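The values are calculated or read from the model by the stated rules, or taken from the named source; none is laboratory data. Fair warning: this is a prediction, and the values are worked out from it, not measured in the lab. A quick note on method: Cβ atoms are made from the backbone with ideal geometry, for glycine too, and the neighbour counts reach across all protein chains shown. Accessible surface areas use protein heavy atoms only, side chains included; no ligands, DNA or RNA. Shrake-Rupley method; radii C 1.70, N 1.55, O 1.52, S 1.80 Å.
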Amino acid sequence: MSDLPEACIANILSFTDPLVACNLSMVSSTFRNAARSDTVWQRFLPPDCVSIISRSSDPNLLLAYSKKQLFFSLCRNPILIDDGKRSFSLEKWTGKKCFMLSARDLRIVWADTPRYWSWKSDSDSRFAEVAVLIDVCWLEISGKIDTKMLSAVTNYGAYLVFKLNPNNYGLQPPAEAKVGFNGSEIATRSVYLDFIPRRNSQAAAGYPKERGDGWMEVELGSFFNNDGTDEELEISVLEVKNGNWKRGLIVEGIEIRPKLA
């Protein structure tokens, strides 16, 4: 197969995926050169990549890189879009699309009342502001995204990305999380915001885990985006039953990304 023209090998590699292409690049110099081709990485980029990048603060990003460099840049460095209220990135093994809705892009009950919530910058955050819970007894956070923005035929998870102040309190009762399509029956699951399980239970469903970027996350639910048609996905987390006062939650946003097997 190494005797095939480089352009032919590049075309074959473009029908694989990023992981396979990177592995095959080690077969020979011909494969290595073919695997660098824009023909390969153009196909790995989402078809609407140009349209999404045009919504960023740096639409000239497309001119700065080869297609392979652009792909890995989007894997490593999420870009801000939609006036900095959302971020866009790619999952490195598959090239599937990932989005995070910032706290400013979410509906947070009482968020504009300084007595209950404040807005601050955080050096760990990709966004200009995060929401800081001062005191509420009614905790309700929700967001929406059109499924046509996501990759089709993909299993996704939705994750609340947050931190806790040292003086947090009242977050022990489990919250209710929902992820589903508008107009459909949506199942509810319990999630915890104040407790990181020990030992092997760290990744247990409903409990938060530490990320590598200074934040924690808890999975709110999952869904299958079938054919990428235009449906509205609704995501929410709330704790309103206990009536206790809560404090010290810092919300960066809700991330929607592919779930890997």
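Per residue, what accessible area does the chain have, given a 1.4 Å probe and all protein chains present, in Å²?
51 Å²
Can you give me the solvent accessible area of Lys178 with a 1.4 Å probe, rounded to the nearest 10 Å²?
So the heavy atoms of Lys178 present about 70 Å² to solvent.
So what is log10(I(q)/I(0)) for the range 77-187 at q = 0.11, 0.16, 0.19, 0.23 1/Å, when the Debye sum runs over its Cα atoms only?
Log10 I(q)/I(0), no solvent term: -0.43, -0.90, -1.20, -1.48.
Based on a Kirkwood Rh over C-alpha pairs, give the Stokes-Einstein translational diffusion coefficient of the range 1-147 at 20 °C and viscosity 1.002 mPa s in µm²/s.
Taking Rh from Cα pairs, D becomes 121 µm²/s.
On a 1.4 Å probe surface of the protein chains, which of Glu210, Glu6, Glu176 comes out largest in accessible area, and what is the full order?
The residues order as Glu210, Glu6, Glu176, largest area first.
With the alpha-carbon atoms as the only input, what is the per residue convex hull volume for the chain in Å³?
Given the Cα convex hull of the chain, per-residue volume reads 145 Å³.
Whenever you get a sec, compute what percent of the accessible area on the chain sits on carbon and sulfur atoms (1.4 Å probe).
49 percent
Considering every pair of different Cα atoms, what Kirkwood radius, in Å, is found for the range 6-79?
Answer for the range 6-79: a Kirkwood hydrodynamic radius of 12.8 Å.
Give, as a single signed number, the net charge of other residues whose beta carbon lies under 15 Å from the beta carbon of Asn242, with Lys and Arg counted +1 and Asp and Glu -1.
-2
From zero up to wherever the largest Cα-Cα distance of the range 42-129 sits, split into 5 Å bins and tell me the percent of pairs in each.
P(r) for the range 42-129, in whole percents per bin: 3, 13, 22, 22, 15, 10, 7, 5, 3, 1, 0.
Go through Thr16, Asn225, Thr147 and say which Cα lies farthest out towards the positive end of the charge dipole of the chain; charges sit on Cβ, +1 for Lys and Arg, -1 for Asp and Glu.
Thr16
Once the Cα atoms of the range 75-116 are picked out, what are the Rg and Dmax in Å?
Spelled out, the Cα radius of gyration and Dmax of the range 75-116 are 13.8, 44 Å.
Taking Cα pairs under 8 Å and at least six residues apart, what relative contact order does the range 6-79 come out at, in percent?
The value is 28 percent.
Distance check, please: which entries in Lys96/Lys241; Lys68/Lys148; Lys67/Lys178; Lys92/Lys120; Lys96/Lys163; Lys120/Lys259 exceed 28 angstrom between their Cα atoms?
From Lys96/Lys241; Lys68/Lys148; Lys67/Lys178; Lys92/Lys120; Lys96/Lys163; Lys120/Lys259, over 28 Å: Lys96/Lys241; Lys67/Lys178; Lys92/Lys120; Lys120/Lys259.
For the chain, with only Lys/Arg (+1) and Asp/Glu (-1) charged at the beta-carbon, what is the dipole magnitude about the Cα centre, in debye rounded to 20?
In total the dipole reaches around 580 debye.
Rounded to the nearest 20 debye, what is the charge dipole size of the range 1-154 about its Cα centre when +1 sits on each Lys and Arg Cβ and -1 on each Asp and Glu Cβ?
Here the size comes out at about 140 debye.
In whole Å, what three semi-axes, largest first, describe the equivalent ellipsoid of the range 140-261 built from its Cα gyration tensor (square root of 5 times each eigenvalue)?
Its equivalent ellipsoid spans semi-axes of 26, 17, 12 Å.
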